[in-house]
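**Student:** Pasting a structure below so you can have a look.
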Amino acid sequence: MIVVVVIAGLLMAAGAVGALWRIIRGPSALDRIIASDVLVATAMCAIGAEMAINRHTDTLPVLLGLALFGIVGSVSVARFLASRDDT
Amino acid sequence: MTGPLDLGFDFDLRDIVTAVLVLLSALMCFAAGVGLIRFPDVLSRLHAATKPQILGIVAIVADVAVTNPSVGTITLAVAIVFFQSLTAPVSAHMAGRAAYRTGHFRADTLVVDEFTPPPPAARGGR
């Protein structure tokens, strides 16, 4: 079981570092939004993994909150980046 | 034969399911990180972004629902998957449209560009 924790932790850390790298280097703001969305999704997966492994569901509402907030950020920034706003 | 399946450590089915689903979700997050680094332009990075958003979350929430099955957990798990799969396409659409409008994509890697009509010569076949 500890092997699963170590492998999953390393994989998620690498994914988060990749997203962070794209946030820092991203040429355009859109790259940064998408990378931050991936970072939020990775954080949600990490919280869920910790919940599944330790067999408790105390932080399940956190997942719900993150699921909603992660999207609001990217939608609002994408909304104001589009040059022609016909919405 | 010491036991039907004696691997030297004790495990039950839930451990296996937990391990498989957590590893699947971690793989999705890793693929997203690599995809974000490697893909050339914004539109293709959207592919990488949506992997953990949908498959990662579904795997993790299914995992949580399997390891401690109770009515409250399963309904909240369904709610999480519902909201995530409801809002992720919206944000991907908005980001894609903003990227297309502000030109953040490499036209040479596009196969079909439905927005700009092809030059008249190419229309001949239609």
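**Student:** Label point 7 Å out from A:Met1 along Cα-to-Cβ: which residues of the stretch A:47-69 have amide N under 13 Å?
**Tutor:** Of the residues in the stretch A:47-69, A:50-56 have backbone N under 13 Å from the label point off A:Met1.
**Student:** For B:His104, what accessible surface area do you get with a 1.4 Å probe? Give it in Å², rounded to 10.
**Tutor:** The accessible area comes out at roughly 70 Å².
**Student:** On to the next question. Of all accessible surface on the protein assembly as shown at a 1.4 Å probe, what whole percent is carbon and sulfur?
**Tutor:** Numbers: 8250 of 11410 Å².
Carbon with sulfur: 72 percent of the solvent-accessible area.
**Student:** Ok, one more. Which order do the peptides B:40-46, A:34-40, B:72-78 come out in when sorted by mean C-beta neighbours inside 10 angstrom, highest first?
**Tutor:** On the way: B:40-46: 19.6, A:34-40: 25.3, B:72-78: 15.9.
Answer by packing, highest mean first, reads A:34-40, B:40-46, B:72-78.
**Student:** What is the interface area between chains B and A, defined as buried accessible area summed over both chains with a 1.4 Å probe, reported in Å² to the nearest 100? Before the final figure, lay out each step's value.
**Tutor:** Values: alone 9240 and 6280 Å², together 11410 Å².
Heavy-atom accessible area buried at this interface is about 4100 Å².
**Student:** Would you mind computing, in nm to one decimal, how far apart the modelled labels at A:His56 and A:Leu68 are, each placed 7 Å from Cα along Cα→Cβ?
**Tutor:** The modelled label-to-label distance comes out at 2.4 nm.
**Student:** Projected onto the charge dipole of the stretch A:1-82 (+1 at Lys/Arg Cβ, -1 at Asp/Glu Cβ, origin at the Cα centre), which of A:Ser74, A:Met12, A:Thr59 gives the Cα projection farthest towards the positive end?
**Tutor:** Projecting each Cα onto the dipole axis, the largest value belongs to A:Ser74.
**Student:** Another one. In square nanometres, what is one fourth of the surface area of the convex hull spanned by the alpha carbons of chain A? Don't jump to the answer; show the numbers that get you there.
**Tutor:** Details: hull surface 26.1 nm².
Averaged projected area of chain A's Cα convex hull equals 6.5 nm².
**Student:** Mind checking the stretch A:10-87 for trypsin sites (Lys or Arg not before Pro) that DSSP puts in a loop (not H, G, I, E or B) and that have at most 10 other Cβ atoms within 10 Å? Walk me through the numbers before you get to the answer.
**Tutor:** Working: sites: A:Arg22, A:Arg25, A:Arg32, A:Arg55, A:Arg79, A:Arg84; in loops: A:Arg55, A:Arg84.
Passing both the DSSP loop test and the Cβ count: A:Arg84.
The values are calculated or read from the model by the stated rules, or taken from the named source; none is laboratory data. Note that the structure is predicted; figures quoted are calculated from it, not measured. When we count neighbours, we look across all protein chains shown, and the Cβ atoms used for this are built from the backbone with ideal geometry, even at glycine. Areas reflect the complete protein model, heavy atoms only, side chains present, ligands, DNA and RNA absent. Shrake-Rupley method; radii C 1.70, N 1.55, O 1.52, S 1.80 Å.
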